[in-house]
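Scroll down for the structure; my scribbles are underneath it.
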Amino acid sequence: MEHVMGQDVAIDNVSMQYDGAAGFAVTDINVDIQAGEFFSFLGPSGCGKTTLLRLVSGFLEPTKGAVRIGGKNMRGIGPNKRPTAMIFQNLALFPLMTVADNIGFGLEVRGVSRSKRLKKATELLELVDLPAVEKKRVSDLSGGQMQRVAIARGLAVQPSVLLLDEPLSALDLKLRQYMRTELRKIQKRTGVTFIYITHDQGEALTMSDRIGVMSAAGVIEQVDKADVLYNHPKTAFVADFVGDNNAFRAVVKQTEGDCAAVETSAGMIRGRNPQRLAPGNEAMAFIRPEAIRIAAEKQPQHNQIGCRVESLSFEGAFVTVFLKTGKEQQLVMRQPNDGTTPLLTAGSAIDISFSEKNTLLLASGEVAYA
Amino acid sequence: MRKLWQNAKRNFGAIGIIFILLTVGGWLIFMILLPQLIMLDFSFRPLLPLRKLGGPEDVYTLKNYIVLFSTPLHRAIFFKTIWSSVIVTSVALAICYPISYYLAKIARGAKFSWLMMGLIVPYWINELLRLFAWQLILADAGILNQILMGLKIVSDPINFRAGNGAVIMGMAYAYILFMVFPLYNAIESLDTNQVDAARDLGASWLRIHRRIVIPHAKPGIAVGCIMTFMLAAGSIAAPQLLGSPSSFWFTQIIYTNFECANWNQGAAYAMVLAILCLIFIMIMLKIFRVSLKALAK
């Protein structure tokens, strides 16, 4: 690919209210996406991700704020004039045209001759690893192949920014996982800025350079790399939405340095306190399923809970154990299937424990699946 | 055959089969096949006084058909009717395409309902009354002339009903729904994302319609054109009410023939009109590369 360079996208204080709608679909979005970055917006359905994408592509104009691409304010510039190309959720390939005509459509618009369009289509099909289908009808392709044609069609107009609206959601699991790595490769090969929106955290975590997590209210909760999001979530929503987590409602009792002790329905819990919550604050304590261990012996006081095993789910490399505390709160524990842990049976009573280091205390807030 | 009968008996029962045969069969034979065959028979026989029917002169002949093409006036009116119906169809298509696109892809909620009502409500009124309304508008002392004279655009009333203009306009109006609905159905089934995708790739509105919407809407366009053309070519009320002697329509000749008790020639002319419509259907299907099966959808 020649001359294709990604451009940075600045979403500056953008809010969007639809005509006649009571509230804002997205509110005060501030994100700087770097040139050549693979950036994902991750959020539950209805959180305004698609709205955000349409604001960048130009199908919508923000009510407040500005979208800048390569430093240029895009207000008043239509989708046909922006240096972006969009991959639609249903791909929106043109069913009455051949693959080559689909890919060449953007070039046809730009007055490129038929032979040059065909040459370009062949080149792009090579790039997306789908050679020799130029003459085929779109309907003769498989789901994964259509995916590649849609990407080739988008790349044909040499966009600086490629916008992807959950394009993998229609594929089956195996193909989806395969296409993740493929998309990542294509992005690296072309250097185009990718903005990807999804509700599937697996997709976002595996493909992206950075991820912006959006809550159902249409605000950005946190923008970070995948591992930072997982290990150091900044809000209760992110802790709950990204990866599995066990949450306890709690009240801070005492603090010492980076740590604090909170009171929960399952007794005292001590954990990290990055937000410096003060005694009396409402908080939530989060413990990842893989951080929970079966307690070797009765320990005094904190970070230990007596539970009943409700059910087990064997998943090959690990076993997911569903527990209930004495106060009927459901917990999830994940044990590696490496022979080091005793086999549990449903109905048995166990004590579980977790370290202070692996317990995160955050200010109480909206969670995704409360 | 035996199997067919057994299947039918299992699905509908004996009474059901008898009912279907009586109703559908009766309708097919007595209301469609027989009248058409009688007309066909009539069209090939000469006009004879009653006492000579069945006599030596009562033979099959092409005379009735030859008359149509050997009478310059009839021939001229026949071709004019074709040409005018094509114009009516084109005008209706030009008016209805944007309306249908707007209805199918842009209008939402109240706007959609109002426009739909506006299209449908006039059709609750009889076609004749709607044409009389046009007469009132286009008459010498009609609304349009009064407005034009009131605005001092013209000093004398314009005779709108001279020539074919009024007839073509009245018909285009009368058959709008028959064009709008097939178009609307076809455009409505187009995935809006395809329009967005084309726009995103830089296409102008013109190109989006030329390359995406119209190719998709082809079956609808074909159906709308066929219906409008057939209605226009077979219309009698509009030329009768809105036309002048100079805008005589082929159906009016057929009507006159039957009125003058020359059923034979009337039947022949009617057959020619029917064949014309069949040819038009074939041409449309060819132009739009639509199969009969796609049309049925």
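The values are calculated or read from the model by the stated rules, or taken from the named source; none is laboratory data. What you see is a predicted model; the values in this text were computed from it and never measured. In this analysis, Cβ positions are derived from the backbone assuming ideal geometry, glycine residues included, and neighbour counts consider all displayed protein chains.
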Got at least one residue in region A:266-275 being more than 12 Å from A:Thr359 (Cα to Cα) and surrounded by fewer than 15 Cβ atoms within 10 Å (Cβ to Cβ)? no
Counting just the residues of region B:195-207 that are assigned to a helix (DSSP H, G or I) and within 20 Å of A:Gln89 (Cα to Cα), which one comes out farthest from the other protein chains (Cβ to nearest Cβ)? B:Val195
Please work out if B:Val223 is more than 9 Å from chain A (Cβ to nearest Cβ), surrounded by 19 or more Cβ atoms within 10 Å (Cβ to Cβ), assigned to a helix (DSSP H, G or I) and of a type outside the set (Ser, Thr, Tyr). yes
Does any residue of region A:76-84 turn out to be on the phi > 0 side of the Ramachandran plot, of a type outside the set (Ser, Thr, Tyr), free of Cβ contacts under 8 Å to residues at least 24 places away in the same chain and within 14 Å of chain B (Cβ to nearest Cβ)? no
Whether any residue in region A:157-169 is assigned by TED's automatic domain parsing to the domain that holds A:Ile69, farther than 15 Å from A:Val192 by Cβ and free of Cβ contacts under 8 Å to residues at least 12 places away in the same chain is what I want to check. no
For A:Ala121, which of the numbered conditions (1) more than 10 Å from chain B (Cβ to nearest Cβ); (2) under 30 Å from the mean Cα position of the chain (by Cα); (3) surrounded by 21 or more Cβ atoms within 10 Å (Cβ to Cβ); (4) free of Cβ contacts under 8 Å to residues at least 60 places away in the same chain fails to hold? (2)
Within region B:244-262, tally of residues that are crowded, with 18+ Cβ neighbours inside 10 Å and among the hydrophobic types (A, V, I, L, M, F, W, C): 5
Report, by residue number, each residue of region B:174-194 that is surrounded by fewer than 20 Cβ atoms within 10 Å (Cβ to Cβ) and within 12 Å of chain A (Cβ to nearest Cβ). B:Ser189, B:Leu190, B:Asp191, B:Thr192, B:Asn193
Tell me, please, whether a residue that is out of contact with any Ser or Thr (no Cβ under 8 Å at 6 or more places or on another chain), exposed (fewer than 13 other Cβ atoms within 10 Å of the Cβ) and not hydrophobic (A, V, I, L, M, F, W, C) can be found in region A:347-354. yes
I need a count of the residues in region B:126-145 that are in a helix (DSSP H, G or I) and among the acidic types (Asp, Glu). 1
Of the residues in region B:1-19, those that are loosely packed, with under 10 Cβ neighbours inside 10 Å, among the hydrophobic types (A, V, I, L, M, F, W, C) and in a helix (DSSP H, G or I) come to B:Leu4, B:Ala14, B:Ile15
Out of (1) modelled with pLDDT of 90 or more; (2) under 23 Å from the mean Cα position of the chain (by Cα); (3) over 18 Å from A:Val56 (Cβ atoms), the odd one out for A:Lys136 is which? (2)
Leading residue by the ranking (surrounded by the fewest Cβ atoms within 10 Å (Cβ to Cβ)) among those in region A:248-262 that are under 23 Å from A:Leu323 (Cβ atoms) and in contact (Cβ under 8 Å) with a residue 60 or more places away in the chain: A:Arg249
Index of the failed condition, A:Arg288 passing every other in (1) surrounded by fewer than 18 Cβ atoms within 10 Å (Cβ to Cβ); (2) closer than 26 Å to A:Glu328 by Cβ; (3) among the charged types (D, E, K, R): (1)
